[in-house]
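**Q** Would you mind keeping the following structure in view while I ask a few things?
Please treat every number below as a calculation from the coordinates, not as lab data. Since the structure is predicted, the reported quantities are computational estimates derived from the model, not experimental observations. In this analysis, Cβ positions are derived from the backbone assuming ideal geometry, glycine residues included, and neighbour counts consider all displayed protein chains.
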Amino acid sequence: MQRLLNFFYEYRAFFTFLLLELFCAWLLIENNQYQSTKFFNSSNRLAANILSFSQGSREYFSLRQINEEVSRENSQMRTLLEQLTRDAQSASTKDSLVRYEFVSAKVLNNSVAQFKNYITINRGRDAGIEPGMAAISSFGAVGKVKAVSEHFSVLISILNIDEQVSSTLKRTGNFGTIQWDGTDPRLVNLLYVPRHVQPLVGDTVVTSGYNAVFPGGIMIGIIQDVKLKDEALFYDIRVELSQDFRRLSFVKIIKSKLKSELDSLETVTIGKVP
């Protein structure tokens, strides 16, 4: 404190001069319309720039919260869309039953460079998530739930050489199976499309809906390459995924209300699959 007082005392002449200059400037602005107008215009511009910078900073640091809110809204909209779709397909109470619900989750960890890639999310048993549920994003299919704890879940990514997804060529209606070969994280293979079909580059591939996990019509990707070897029974087809897994931030977990009923019926009818 003594050093601060000594500093002001040593430079007292300078501070006195500075105060007098400020006082003179204030008198000039207060008693002259032109100078007053210029001063307030300049100060308003400066204040506006400061406020704009401050608002931009607040918006930047709140992007995470905004993204989570948008993701939750998307989940609610998907649930409503599913309900409206079912209502449009049939007027009966049974047929208008909402088959799927959607739970939004943030991606905490995501690998793309392994042969068997997994995704960790911040939703678990407390949100009603169970193993076997499908995961999608705003761009398309992502994978399915492998393991669940109270607050977290681990998903099997489509970028997993052991994962297969029943799919459909949207243009022709023919079925196939999507499977990753462990090379490029942007490309997967479409298997078991017979040679009598005519797949084309640019065709859309979607989920088939041939199970109670994925709804039908979920985007998977676009065909980038089609080859057919002599005497081969099936095409060699490469599909570019609609979801770039290197940019995956949020997913939606699909809770199928009819999956347990379907699994129980199949178990009773054909036995438990080993």
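**Q** Please go through the range 157-233 and write out the trypsin sites (Lys or Arg not before Pro) that DSSP classes as loop and that have at most 13 other C-beta atoms within 10 Å.
**A** Numbers: sites: Lys170, Arg171, Arg186, Arg195, Lys227, Lys229; in loops: Lys170, Arg171, Arg186, Arg195, Lys229.
Within the range 157-233, the qualifying trypsin sites (Lys or Arg not before Pro) (loop, at most 13 other Cβ atoms within 10 Å) are Arg195, Lys229.
**Q** Just name one of Gly132, Thr207, Asn160: the one whose Cα is farthest towards the positive end of the charge dipole of the range 118-226 (beta-carbon charges, Lys/Arg +1, Asp/Glu -1).
**A** Farthest towards the positive pole: Thr207.
**Q** Charges only on Cβ, +1 for Lys and Arg, -1 for Asp and Glu: so what's the dipole of the range 155-203 about the Cα centre, in debye to the nearest 20?
**A** Dipole size: approximately 280 debye.
**Q** Turning to a different aspect of this structure: Taking other Cβ within 10 Å of each residue's Cβ, how do Leu241, Leu28, Leu4 sort, fewest first?
**A** By the 10 Å Cβ count, ascending, the order reads Leu4, Leu28, Leu241.
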